[in-house]
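Any read-out appearing in this document is the output of simple, stated calculations on the displayed coordinates, not a laboratory observation. Here the structure is a predicted model, which means the values were calculated and not measured. Note: ideal-geometry Cβ built from the backbone for every residue, glycine included; neighbour counts use all protein chains shown.
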Amino acid sequence: MAIFHDGNIGLRGQLVEQSSATPPAGSFIIQASDGSRLGWVDRTSGDLQIGGSLHCTDSPLYASPVEAEFYVENSSGNIVAKFNGNSKDLFIRGKLEEHKY
């Protein structure tokens, strides 16, 4: 998985939404600040599994002071992707491309 400066995400595999699967050993686990699992990337398939839904936008993304979230910032300090800790939804500033690599 690659997240680019503008917020676009390129996956080697595919996106799996509403996933309740258990990540296999060696997966990259994405956790909220409270330690809850929000999603994971399977190192073998390159699939990104998320507990909620994907939301793509061209609008800026902002941190929530009241929710446990996971943020990805670009080199300018702007949030380009974030997981909501309650819904486990993934918000990206851009688009997601599957089977890119």
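Backbone amide hydrogens, once placed in the peptide plane, bring Phe70 within less than 5 Å of Phe83, Gly85, excluding anything fewer than 5 places away on its chain. Shown for Phe91, Phe28: other C-beta atoms within 10 Å of each C-beta, ranked fewest to most, produce the order Phe28, Phe91.
Largest GNM mean-square fluctuation across Ser19, Ser87, Ser76, computed for the chain with C-alpha springs under 10 Å, falls on Ser76.
A crude spin-label estimate for the pair Ala2 and Ser59, with each label 7 Å from Cα along the Cβ direction, gives 3.0 nm.
Just check the chain against the gyration tensor rule for me: Cα atoms, a ≥ b ≥ c as the square roots of the eigenvalues, rounded for a/c under 1.5, and otherwise prolate or oblate depending on whether a/b exceeds b/c. Judged from the Cα gyration tensor, the chain comes out oblate (a/c at least 1.5, b/c at or above a/b). Ranked by how many other Cβ atoms sit within 10 Å of their own Cβ, fewest first, the residues Asp42, Asp34, Asp6 fall in the order Asp34, Asp6, Asp42. Its Cα centre serving as origin, the range 2-97 has a Cβ charge dipole (Lys and Arg +1, Asp and Glu -1) of approximately 160 debye.
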